[in-house]
Amino acid sequence: MDYWIDIFNVVLIFSIFTISLNLLIGYAGQVSVAHAAFGAIGGYAAAYLQANAGFSFWPGLAAGTFGAGLIGLLMSLPALRLRPEYLVLLTIAVSAIVLAIVGAVAELGGAYGITASRPADLWPIPGGPLLFPIQWTLPLIGFAAPTFFVCWRMGQSAWGRVLRGIRDDEVATRALGHNVYIFKVIVFSVTSAFAGLAGVLLFFYNQIVSPSVYGLDVSLKIFAMTIFGGLGNFVGSILGTAVVQLLQPILENVVKLEPGNAFLIQLVIYGIGLAILVRVRPQGLLPEGVSLLPARAAERVAPPSVRSAAATKAVNIGTSRPSQLQPPTGAGPILEVRGLSKQFGGIVACRDLSLDLETGKIAALVGPNGAGKTTVFNLLTGAFGADSGSIKLNGEELCGLGPDAVARKGMARTFQDVRLFARMSALENVMLAMRGIEGGSGGEKLSDLFLHPRRAARAERSERDGAMEHLRLVGLADVAGTAAGALSYGQQKLVSFARLMATDADVLLLDEPASGVDARWVDKLLELVVYARDRGKTICIVEHSLHVVEQLADTVFFMELGHITAKGTIRELTSDPRLAEVYFGTV
Amino acid sequence: MQFTNNGFDAFCRGAIKLMVAACFGSLVASGPVLAQDSATPDQIKKLLGIEGLDAKALGTGLKFQLGIVLALTGPGSYYGRIQGNGAKLAVEQIKAAGGPDIELIFKDHKSADAQAGARAARELGIARVPAALTSYVGVIGSMFPGLEQYKIFALDGGGGTSDFGQGKRYFWGMRAIEPDDDFVGALKYWKETDPSIKRVSMAFIDQGPINEIVTNNFKKTLEATGHELASTEVTPIGATDYSATIARLKATNPDAVFLFLIGVDPGYFMKQYANAGLTKPTIVAEYVSDAAQVAGPVYDEMIFATDWFDANKPTNDWAKLFIDSYTKQFNLKPEMYAANYYEDTFAIWDLIRRVIAKGGDVNSGEQLQQALVDDPKFKSIYGGKAAEPGVITLDTKTHSVTSRPLGVYRANKGDPVPLAYFDLGGANFRLVK
Amino acid sequence: MQFEQIAQLAVAGAINGSFYALLGVGFGLILGVVGRFHYAYALTFVLAAYIMSVLESSLSVWPPLAAGAGLLAAMALGVALERWVYGPLALSSGALALLTVFISALGITIAGVNLITLMWTAFSRSIYLFEVRPFDVAGVTFTNLDLFIVFASWLLIGLLTVALNFTDLGRSIKAVRGNPFLARIIGLKPDRLYLVVFAIGSFLSGVAGILNGARFAVVPNMGDRPVVFAFVVAFLGGTRSSPLTVGLAGLFIGLVESLSGLWVSPQWSALVVFSVLFIYLSLQPTEISGLRRWLSLGARLRG
């Protein structure tokens, strides 16, 4: 019996590794194969401090956990700006560096590591030193459960929604005003700290730290357990850990062989078992959104309850907070762009471009393919940094700001290729937009999530209701619970419009809102654009369809080779013989 | 090198074993039935001086669990099996001689995985196994807390205590201190055979905090033998590429190099040392047969100094008996690692008999250890002469051996011949004429 | 003395670097074109060495023939894995293909390495290609085997580069690497090309395994470290780069590793290599994107 309790304890410790890694990979989409190395930082910190400074259990635990978190934080600063494949490489490098240091520094014991000078004692919690596996089980549950809770809370909240946004489409998440970098740094630090915690526990449980306990093979094993358990599902992580950890003990007890070979044969079966398991459950034991309890699964994708639907009456679209700008006077531009230029390697994408957007008006940017229209949007929203020029929104300079900051200042965009978060429901897509603009509110504030759960829940409810209202506006309330990837293209465009409206930005940039959309949806979209303008939004569209431009645009800018060559109403432009020949004639 | 020449045989045996294992797992489980000479049990009892004991005193029929923690997977697994062979043979002979029915509880430490070592100690403790044979210095120390906590009496015949594991509770080393006891002999050998050697380098595996102790001991020995230190080079354990170390040695240009590399690592080193055009004499602290396989012809005449088991020149009848029965059973010449686990298993039986004689509980690691402390001596297949087995004695403070025959040997194409003998600390050094 | 030592370490670094280059190119080709995180690259590496060693030493097969058999075995294993394991698994795991293939490969490698140990034990074996002779050029030593390793590595990398650029097959592979959907439209069959790529990649790993076996020894776990280096080199060089670029990344790592021996003792060389790598990566220009792109490496090859 004690034998299985021992294994159960190890499963608990490794669950802390896998649950936290799942938050990092499954939610935030940041692949790390250095998780055991962060465990090493925690374990070694606790061991070194016990040996040299007489640290007991709790101070050692705190030092190890925070130490790993801190190093995770430092590492994430350069790491998380990298391309994902470089991130993986970098985590391998970190793993190798940590192992090389602990393996070669004499003070850390080299290959021998550090042996505990005394067993762990949870004092002031009574019970004396923890010696036997059975004594460890409750305390380990006591550590694994909060880990689960914290990761689950972070993952399932508005905060985690942003993480999932980053995972599915980082560019789109930034464009909705979220500072993805901060989110990534926080999630990396937090998960590193949890890995440190697990490392500390491993030290106290084994009463020894040594490099081989936290080797790259262990990191890979943790990685495998997490993916096998199911990305984005914490219960799956526990199950995955249990299955992989139990595989060998079960084999040891079932396949009794001549001892010389037994362990080799067990490893052969173990390896094949791993390959078969992943073949049988390629999405993981419990894929994202699947739960052991069917009711929970239903709740996640279900549309808001009746109660919240009733509450939505009170929500007024677009005015859920006071607008940043003064009530439109109809006079003066809200956006002033002057002398904007951008080159990519020798190719001029945008040359000395200037334009104004009049408050509460719809402008259109037209021109032949390759004229640089989408580039202009990218420059305006900070996706590309301009080489020179100025972009002023309400007189405030935007040049040099990232896309998320620009969105928070009040200018947001849609994408030509929609870029919805395919694995999230339509409702979640819209809810994701309702954050960040105000610098994080309610559930998106980590402190509220844990210190003021009621406030967070309230914020979540009201945003759910608000988002629902936006969906209702575009006529898609009935598909609120459907995964965005499962919607038709036209519906996706509408959701993306609802998402844009939900950002509450004053200036909306629409990149080909009607392209590729069924005729029946086009009118709906036009209606919505006009509606938005009537609510005080300033809108600029890039559009090929002259029909659309004609219907909507108050002003039309004509672009050629990265430069605006004409401006006027659509009538004026189409009557220009040169433009007609260059562009309109061909349409 | 029976193994390599019969590679195809080995291939076929492996394949057949595998198929058998797959189809009839349970059949294989019972293990091979061992051929047993009827003369052997009496001989052994006589050699051990216990022919007069009755069944009770011998522990006949007593069930005894003995943990054995070896590298059964991973790079060290060949020698893990060799060690297991030695212990298995001892278990059979002990039972046949009227001793207890020892059940070996095998645990795999995956060739020095500390997590596996710690778990092995815990599992043995949970199963209330009173004693264990360990390897790799208590699996690089990871078993120490478990041994102490569960009071598991442990003998390590693979790595001994080394400098690292001295005086650890319940842990006893059954080998000379590696490499300290070896380089004393090596330096004395050079002093007596080659006066031109003045400046000596040592390349040794990284053992963290132990490096300093090893280096200091080396310096002290150099002083005593009148040599100079040229340099010390630390290398990682398990390396295959020694180009950096060799480039440094080339720059230092010592008159001789002492190598403390373990397992097959010296094979890699020596091959590259020769290929780098270096010809200065070397002495290695370890000799295993597959290092010769790695190094090729370079290893034919290499010299090593350690507490090696010389299967060509058994020093006493018990050793002879061991070599005969081992060769018969496993179709292999016994290597040092088999010999050590063989005699360590017998040491456990010795302690069991002592505990029985005192009326104690043989399933108490504490009492087994006390029996050792009371009289830290065992009969050994090393040393001794003719009908008189050698004696291995231990220091009750350091938990390491205080007597152990060592030697300097020339590999002689896999059939080593002794060049000199010496005792611990280089005492009683004598060249073989 | 100092100059000689630098030269000696640089030569050693170039030899190791060439070996890393060869490893990285094969791994990178598979990763870049097929999008498989082929951890079992370690297994094809070991298998080629074992088959060669067993045939040569036990059955006295003529070394080139034994080497050929080893390489064939490695290629067969690689192709079989793609055909019956990775391919179907990738289909059923969709966007997660890269990760599930990795786990599958990890399991297969564990099983394979231990199977090899079961059959031939962990007792070291050797490979004999030709008589190894040391050379001494101005105090810098190396062997004819070292020269052969450098030569063979760069010859193969060069051949692969030429083949990718100037043969129909190579251009098809590049086309599939660039855009599998488009490649399908213009009539290429990616699935069959994937098998070809696995054959090439496994061939390269097999050559590396045999060379490594000849230089050091043949043991079951001999692939553990090389596969990590293959991975590092492939990513550092860029999974869609030309083999030459990847090869240079390998050479770079070999030189850094070896030259670190000038200042620190060898147990610190890993630290130096990975610290240099860390710094290099930290200085990379920012490029933001999430798991999506990382996964899309695998996902874009479906359909």
**Study point:** Share antiparallel - DSSP beta bridges, chain B, percent rounded to 5
**Key:** 35
Study note, to complete from the structure: Computed over the range B:79-216, the distribution of all Cα-Cα distances in 10 Å bins, rounded to whole %, is 11, 34, 30, 16, 8, 1
Practice item. Amide H neighbours of A:E560 under 5 Å, at least 5 residues apart or on other chains, H built in the peptide plane: list them. Key: A:T565
Revision key, fill the gap. Given all pairs of distinct Cα atoms, the protein assembly as shown yields a Kirkwood Rh in Å of 34.1
**Study point:** Anisotropy class of the range C:137-199 from Cα gyration tensor, a/c 1.5 cut
**Key:** prolate
Practice item. For the range B:348-417 and the range C:1-54, compute the distance between their C-alpha centroids and round to whole Å. Key: 47
Check your understanding: Once you put a point 7 Å from the Cα of B:T279 and another 7 Å from the Cα of A:D554, both along the Cβ direction, what distance in nm separates them?
Key -> 9.6
**Study point:** Beta bridge orientation in chain A: antiparallel %, DSSP, nearest 5
**Key:** 60
**Study point:** Percent of beta bridges antiparallel (DSSP, the protein assembly as shown, rounded to nearest 5)
**Key:** 50
Revision key, fill the gap. Taking chymotrypsin sites (Phe, Trp or Tyr not before Pro) in a DSSP loop with at most 11 other Cβ atoms within 10 angstrom as exposed, one finds the longest site-free stretch of chain C at C:131-262
Check your understanding: Using unit Cβ charges (K, R positive; D, E negative) and no other charged atoms, how large, in debye to the nearest 20, is the dipole of chain A about its Cα centre?
Key -> 760
Revision key, fill the gap. The FRET efficiency for C:F151 and C:Y280, from their Cβ-Cβ distance with R0 = 25 Å and rounded to 0.05, is 0.35
**Study point:** Helical mean residue ellipticity (222 nm; -39500 (n - 2.57) per DSSP H run of 4+; nearest 500) of chain C
**Key:** -24000 deg cm²/dmol
Practice item. Can you grab the distance from the C-alpha centre of the range C:75-105 to the C-alpha centre of the range A:182-213, Å, no decimals? Key: 31
Check your understanding: Which percent of Cα-Cα pairs in the range A:2-214 sits in each 10 Å bin, short to long?
Key -> 9, 34, 33, 18, 5, 0
Exercise for review: Please list the non-local residues whose amide H lies under 5 Å from the amide H of A:I208, H modeled 1.01 Å from N, same-chain partners needing a gap of 5 or more.
Suggested key: A:A116
Practice item. Using only Cα atoms, figure out Rg for the range A:333-586 and give it as a multiple of 2.2 N^0.38 Å. Key: 1.04
Check your understanding: With each pseudo-label sitting 7 Å past Cα toward Cβ, what's the A:I276-A:V582 distance in nm, one decimal?
Key -> 6.9
Review point. What is the calculated FRET efficiency for B:K63 to A:I141, with r their C-beta to C-beta distance and R₀ = 25 Å, to the nearest 0.05?
Key: 0.10
Exercise for review: Output the DSSP H helices from chain C with an along-axis C-alpha extent of no less than 18 Å and a mean Kyte-Doolittle hydropathy no less than 0.0.
Suggested key: C:2-29, C:41-59, C:63-80, C:97-120, C:144-166, C:190-215, C:224-237, C:243-259, C:269-282
Point to revise | C-alpha center-to-center spacing [the range B:286-315, the range B:179-220] in angstrom | key: 19
Practice item. Assign unit charges at the C-beta atoms only (+1 for Lys and Arg, -1 for Asp and Glu), then state the dipole size of the protein assembly as shown relative to its Cα centre in Debye, rounded to the nearest 20. Key: 2060
Point to revise | Those GluC sites (Glu not before Pro) in the range A:517-576 that DSSP places in a loop and that have at most 12 other beta carbons within 10 Å | key: none
Revision key, fill the gap. If amide H atoms are modeled at 1.01 Å from N in the peptide plane, then the residues at a separation of 5 or more from A:C350, or on another chain, having amide H under 5 Å from its own are A:K342
Review point. Taking the Cα centre of the range A:333-586 as the origin and placing charges on Cβ (Lys, Arg +1; Asp, Glu -1), which of A:A514, A:T503, A:C399 is farthest toward the positive end of the dipole?
Key: A:T503
Check your understanding: Which whole-Hz ³J(HN,Hα) couplings does the range B:282-289 yield from phi under the Karplus relation 6.51 cos²θ - 1.76 cosθ + 1.60, θ = phi - 60°, glycine and proline marked x?
Key -> 10, 10, 10, 8, 8, 9, 10, 5
Exercise for review: Among B:Q115, B:Q65, B:Q367, determine the one that fluctuates most according to a GNM of chain B built with springs between C-alpha atoms less than 10 Å apart.
Suggested key: B:Q115
Review point. Could you state the per residue volume, in Å³, of the convex hull enclosing the Cα atoms of chain C?
Key: 142
Review point. Which whole-number percent is the relative contact order of the range B:189-345 (Cα, under 8 Å, 6+ apart)?
Key: 19
Review point. By a straight-distance test (C-alpha under 18 Å), which lysines pair with A:K361 as possible cross-link partners, with residues fewer than eight away in the same chain excluded?
Key: A:K392, A:K537, A:K567
Check your understanding: Tell me, what HN-Hα J-couplings in whole Hz come from the Karplus equation 6.51 cos²θ - 1.76 cosθ + 1.60 at θ = phi - 60° for each residue of the range A:562-570, using x for Gly and Pro?
Key -> x, 9, 8, 9, 7, 8, x, 7, 4
Point to revise | 10 Å Cβ shell holding at most 12 others, DSSP loop, GluC sites (Glu not before Pro): longest site-free stretch of chain C | key: C:132-286
Revision key, fill the gap. Here FRET efficiency (C-beta to C-beta, C:V137 to C:A80, R₀ 45 Å, nearest 0.05) is 0.50
Exercise for review: Kindly state, as a whole number, the per residue volume in cubic angstrom of the convex hull around the alpha carbon atoms of the range A:397-516.
Suggested key: 110
Check your understanding: So which lysines pass the test for B:K397, namely a Cα distance under 26 Å, with those fewer than 8 places away in the same chain ruled out?
Key -> B:K151, B:K168, B:K219, B:K220, B:K358, B:K377, B:K379
**Study point:** Point-to-point label distance, A:R571-A:R338, nm (Cα→Cβ direction, 7 Å offset)
**Key:** 3.3
Review point. Which values of log₁₀ I(q)/I(0), to two decimal places, follow from the Debye formula for chain A at q = 0.07, 0.08 Å⁻¹ with a uniform point scatterer at every Cα?
Key: -0.52, -0.65
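None of the figures in this text is laboratory data; all of them are computed from the coordinates on show. Since the structure is predicted, the reported quantities are computational estimates derived from the model, not experimental observations. Cβ coordinates were reconstructed from backbone atoms using ideal geometry, including for glycine residues, and neighbour counts include every protein chain displayed.
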